[in-house]
Every structure is written in C-alpha cells, then in structure tokens.
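Below: the structure, in structure tokens.
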Amino acid sequence: MKKTNWLLLVLALVLSMFLAACSGGGDTTEGEGGEGTETEESAEGSEGESTEGETSGDSEQVLNIMESAEIPTMDVSLATDAVAFQWLGSTMDGLYRLGENAEPQPGIAMDHTVSEDGLTWTFNLREDAVWSNGDPVTANDFVYAWQRAVNPDTGSEYGPYMMNGVIANATEVSAGDVPVEELGVTAVDDYTLEVQLAKPVPYFESLTTFGTFLPLHQGFVEEQGDQYALEAESLLSNGPFVMTEWNQGEGWTLSKNEDYWDAENVQLEEINVKVVKDTATGVNLYETDEVDRAGLSAEFVDQYRSSEDFRIEEEPVLFYIKMNQEGSEILGNVNARKAIQRVIDRQSMTDVILNNGSVPGVGDIPANFVFHPETGEDFREINGDLVELNVEEAQELWTTAKEELGIETAELNYLGGDTETSKKMDAYIKDQLEQLEGLTVNVQSVPFQERLDRDTNMDYELQNSGWGPDYIDPNTFLNMWVTDGGNNKTGYSSEEYDSMIERANNELAQEPVERFELFLEAEKLLIQEDAVLAPLFQRASAQLWKPYVKGVIVNPMGPDYNYKNAYIEKQ
C-alpha cells in the first residue's frame with residue numbers, strides 16, 4: 001500500500017473513532033491575509049441566510065460566535081489579516097461598505113462623481129455621521145488615515161501595498177521621497193473628499209470598502225499615542241458596533257453603536273466572540289446553546305450534513321505552499337518547485353482531510369470569482385488546471401533538481417499553523433512531499449500571529465499560506481507576486497511577469513478585454529512556467545448555524561461577514 005493511502009486510511013480510522021466517542025468539534029474562522037488578505041485554513045466560513053428587512057420580534061438581540069485566533073491588531077494602518085479586517089469592518093464605516101451580492105452600499109459617502117479621464121473622484125459625505133465620542137466624521141478623517149497608511153514612519157504593510165500606483169503620489173510618499181501632504185487626497189471642505197488617482201483604476205470603488213481605506217480620528221489617535229488600538233478603551237468607532245470589551249487571548253464583545261448614522265437599521269444589541277481553537281470544544285459549545293455558530297472540521301461534516309443547521313459555501317479564498325527562493329538554495333531551483341507542485345494529491349486532501357466542500361487548487365485565481373468581460377466565461381475555466389498530480393513526473397523533476405544542485409538528500413522546514421485543522425493538513429502535506437526521494441520535511445506548528453511575523457521577515461522555507469481578495473479583480477491575486485511586492489515574500493522576481501502586471505494596470509487599464517486576457521497569460525507564467533506557488537485548495541466552509549440567526553451577509557472580500565443587518569428571530 002502506498003504511504004499516502006496508508007496515511008489517509010489511518011486518518012479516516014482515527015476520525016471515525018473520534019466521532020463514536022465524542023459529539024463535538026469545529027474550528028472557527030482564522031484570517032491572515034488576504035484579501036489580498038492572508039488567511040489561515042479553517043473549517044468555518046459560511047453563514048446564515050441573508051434576510052435583510054425582516055423583523056426580529058421580541059427575541060433577545062445577542063449573537064454569540066467564535067474565532068480560532070486572537071485579533072492581531074485593531075489599528076487600521078497596521079491590519080493585514082482577515083480577523084482584524086472582520087472586526088474593523090464591524091466597528092467602522094468607510095466611504096462605502098459591501099452589501100448584498102458584494103455591491104458597494106453608502107457608508108460615510110452618500111455618492112460620488114468621477115472625472116471623464118477617470119483620475120478625479122469626488123465623494124460627498126453625509127453630515128450625520130459621528131465618532132463614538134460624539135465628534136463628526138469629516139473628510140479630514142480620511143485624509144489623515146490615508147496619509148498615515150503610506151507614511152513610512154508608520155510601518156504599514158497594506159498602506160503602500162493598497163495605495164502605491166493607485167492614489168497619486170502614494171509611491172513617492174511611501175518611499176520617503178515627498179511629504180505625506182502631497183498624497184492625492186484632499187478635504188475640499190468638511191463633507192467633500194477629493195481623490196486624485198495615479199491612473200484609471202477599474203476597481204477603485206470596490207477598494208474604498210476595504211479596511212485600509214477606513215478613516216481615523218486624528219486627535220484621538222495622537223492622544224492615545226503608542227497605546228492606540230491596544231484595548232477597547234483605546235479605540236474609537238464610527239460603524240454599527242463599538243468594541244466594549246477585549247480580553248486578549250479569550251475574546252471580545254461588541255455592542256450596538258447608538259450614535260451610528262444608521263442605528264435604526266442595526267438590530268443586534270451585542271456580539272460576543274470567544275477564541276476557541278479546538279474543534280470539539282466549539283461544537284460542544286454549539287450543542288449546549290452557548291454559541292450560535294460552529295465550524296465543522298472533516299470528521300464532523302458527515303455527522304451533521306443532514307441537520308437543518310448545516311451550511312456549506314464556496315469561498316474565493318486560495319491556499320498554497322509558498323516557497324522561499326531566497327531562503328533556500330533548493331527552492332531556488334525551478335525543477336524542485338515543479339516537483340513539489342506535482343507530488344501532492346489535492347483531491348484526496350480535500351475529500352478526506354477537509355471534507356467540507358473545498359476543491360483542489362489549480363491556479364492563482366479562484367473559480368467563480370471573475371469573468372471574461374466579453375464572453376462571461378469564468379477565469380478559472382478558461383485557464384483550466386495549471387497543476388496536476390503526477391508523482392512519476394515529480395520524481396523525474398526532483399532527480400533533475402538534485403543533479404543540478406549536486407545533492408543526494410535534502411531537508412526543508414515547513415511553516416504551518418497550530419490549530420487542529422492546520423496540524424492535520426500539515427501532516428498530510430509532509431507525507432506527500434516526502435514521497436520525493438531523499439527529502440525530509442520538518443513541520444513547525446506556530447500560532448497565527450507568529451506565522452504572519454515570520455512571513456513578513458521571510459523566515460521560512462516552505463509555508464502553508466492563504467489569500468482572499470481585497471477587491472473583485474484578478475489583480476488582487478496576481479499583483480502580489482511582482483518583484484519586491486509587499487506581500488510577495490518568496491524572493492520571486494521576473495521582468496516578464498512584472499511587465500505583464502504593469503501593462504494590465506496602466507496601458508490596458510481602460511481596455512477590459514485585453515487586460516483580462518493578459519492576466520490569463522500572467523497566471524500561466526506564474527504557476528506553470530516559474531512554479532512560484534504550489535496550489536493546494538480553494539476553501540469552502542462547513543458550519544452549523546442556529547436557524548434563528550438571520551440577515552447575515554457573506555462577503556467575498558474584506559470582512560467575511562456583514563453583521564450590520566443581522567438579527568435574532570426565535571420562535
């Protein structure tokens with residue numbers, strides 16, 4: 001029996017025995033980055049049906065849920081991961097926020113106009129929006145926040161990543177070549193914001209819903225100093241909820257913001273969040289009615305699939321193995337990287353290890369995310385599978401790589417997560433990779449925040465990493481891998497690839513068909529030819545949701561969930 005099949009059999013037996021002995025288990029959502037946000041593999045992700053507009057009756061309006069990771073930061077300028085963006089999006093309003101079907105809805109901006117050349121965007125702000133300390137939300141709050149995000153003294157990753165080449169002078173400001181006051185954002189008056197773009201940006205309205213573009217109250221932030229955003233008392237909100245408690249490592253509580261401009265349409269009075277990493281604990285909490293949502297890892301999906309509480313939903317979130325070409329001589333070899341791509345059985349991984357509706361990853365753009373502007377075809381269907389399982393070919397590529405490197409054996413460190421689902425996934429991937437003759441893989445299981453830090457510092461060789469979109473456009477995935485890109489962190493550098501992305505976002509910015517087709521070619525270069533990543537899977541989420549939770553909107557980007565119009569309706 002092949003080693004791979006042996007591991008799958010053992011895992012299946014262990015999971016079935018666990019089911020017989022215990023009634024619970026579920027990971028909660030974890031995030032990292034990427035939408036362009038890093039994210040950690042988890043069992044949770046789907047949500048109750050969206051039923052905006054119904055009434056909640058006399059039910060107590062309290063939602064109890066779980067996360068499997070602590071919030072790394074609530075500082076708008078420093079946030080890089082899905083957990084932070086989830087709770088920033090719940091407590092803050094930007095110019096717009098995502099509503100049904102990912103359509104931008106008015107937030108602080110009531111509307112906007114765009115100049116004929118696509119470079120000048122003028123936003124008209126509402127005059128009834130206030131901060132939770134009673135101060136008005138003004139255009140200067142956006143100017144200050146955006147300037148702070150690209151100010152090199154702030155040390156923001158996402159400010160430059162999201163704004164460079166988009167907002168006029170952002171690249172020069174973030175490099176320290178011009179003062180922050182020259183960033184292309186101006187408060188014409190208290191309630192008129194003017195933004196100058198560096199070039200036409202087809203997805204700019206979508207960008208304004210993202211966390212990096214949220215406003216900040218300058219006086220409050222500067223008064224808090226280095227204590228800003230470290231606890232509930234050092235935060236200020238202008239959104240539907242305010243954070244009233246934040247117990248690091250344990251959880252947090254959000255309460256309805258009575259001063260919110262649209263408070264009459266916010267029905268939840270409280271959201272309580274527990275940090276729970278253990279799957280069984282999560283499901284037990286659900287079954288005892290202590291929480292209203294629980295993620296299901298593989299061993300619980302079949303048990304609960306027929307339950308009316310069961311939810312499963314595909315997400316535009318990709319997971320892959322990042323390979324540090326600078327940090328490892330072995331991974332600097334393209335044949336070694338191609339061998340790693342081809343040796344992994346993704347179908348068995350999604351069917352047995354995840355068992356939650358996730359599907360094998362075959363490229364750098366998810367399915368059902370973006371479509372050809374002329375034909376309407378799915379990007380993923382057009383480009384097809386850019387990686388396929390072929391162990392024999394993988395061994396041949398690996399042998400060639402070892403000959404080129406002058407080695408007979410190799411050892412690689414693999415950076416993974418510390419949750420239950422992560423550990424099972426990483427054990428499986430280790431087993432798969434060690435099919436390559438002479439390769440030893442050492443798994444390092446670390447907490448989410450440590451993995452973010454080590455990714456930033458490129459302190460890894462192989463890494464299980466995930467990414468979800470910042471906006472609905474192929475660029476949110478493909479732009480990551482340009483030379484010295486803020487989220488590249490692989491050492492990959494290709495003049496040809498850089499040129500493709502540059503053309504797509506400049507010369508072809510207002511040519512949607514040509515731009516889309518160039519992105520198709522760029523993905524082939526990235527995955528097929530240069531083997532920068534080893535795709536693993538496109539995530540789906542299996543969860544239990546109490547049927548009485550209504551009105552929650554699931555987002556394809558930014559915060560995973562929009563709780564603004566959620567409510568509890570018990571019979």
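All of the numbers you see were taken from the coordinates with simple rules; none came from a lab. Computed from a predicted model, the values in this text were never measured in an experiment. For neighbour counting, all protein chains shown are included, and Cβ atoms are generated from backbone atoms with ideal geometry for every residue, glycine included.
Put +1 on the Cβ of each Lys and Arg and -1 on the Cβ of each Asp and Glu in the chain; which of PHE204, MET458, ASN487 then has its Cα farthest toward the positive end of the dipole? The Cα lying farthest towards the positive end belongs to MET458.
The length gained on full extension between VAL114 and GLU514, counted as 0.36 nm times the residue separation minus their Cα-Cα distance, comes to 141.7 nm. Its Cα gyration tensor gives the chain an equivalent ellipsoid. The semi-axes, each the square root of 5 times an eigenvalue, are 37, 31, 20 Å from largest down. Under 19 Å of direct C-alpha separation, and excluding same-chain neighbours fewer than eight residues apart, LYS564 reaches these lysines: LYS256, LYS546, LYS550. Counting 0.36 nm for each residue step from GLN218 to GLN105 and taking away their Cα separation leaves a gain of 38.2 nm.
Note on SER307/GLU60: beta-carbon distance plugged into 1/(1 + (r/R0)^6) with R0 of 30 Å gives a FRET efficiency of 0.80. In summary, the helical segments of the chain meeting the span-like criteria, namely a full DSSP H run, a Cα extent along the axis of 24 angstrom or more and a mean Kyte-Doolittle hydropathy of at least 0.0, are 3-21. Diffusion coefficient (Stokes-Einstein, Kirkwood radius over C-alpha pairs, 4 °C, 1.567 mPa s) for the stretch 314-427: 80 µm²/s, rounded to a whole number. Taking every Cα-Cα distance in the stretch 315-540 and sorting them into 10 Å bins starting at zero, the pair-distance distribution P(r) comes out as 8, 34, 37, 18, 3, 0 percent. Taken about its Cα centre, the stretch 315-540 carries a charge dipole of about 700 debye when Lys and Arg each add +1 at the Cβ and Asp and Glu each add -1 at the Cβ.
Convex hull volume per residue, computed on the Cα atoms of the stretch 166-220, equals 111 Å³. Say the dipole of the chain comes from +1 at the beta carbon of Lys and Arg and -1 at that of Asp and Glu; which of ASN238, LEU415, GLY468 then lies farthest toward its positive end? Final value for the positive-end residue is LEU415.
Mean residue ellipticity at 222 nm, helices only, the chain: -8000 deg cm²/dmol; runs of at least 4 DSSP H residues each add -39,500 (n - 2.57), and the sum is divided by the number of residues. With 0.36 nm allotted per residue and the present C-alpha distance subtracted, the ASP453-GLU434 stretch has 4.2 nm of extension available. Measuring r between the beta carbons of THR375 and ASP484 and using R0 = 35 Å, the FRET efficiency lands at 0.50.
Legend: translational diffusion of the stretch 93-224 by Stokes-Einstein, Rh = Kirkwood radius over C-alpha pairs, 25 °C, 0.890 mPa s; D = 165 µm²/s.
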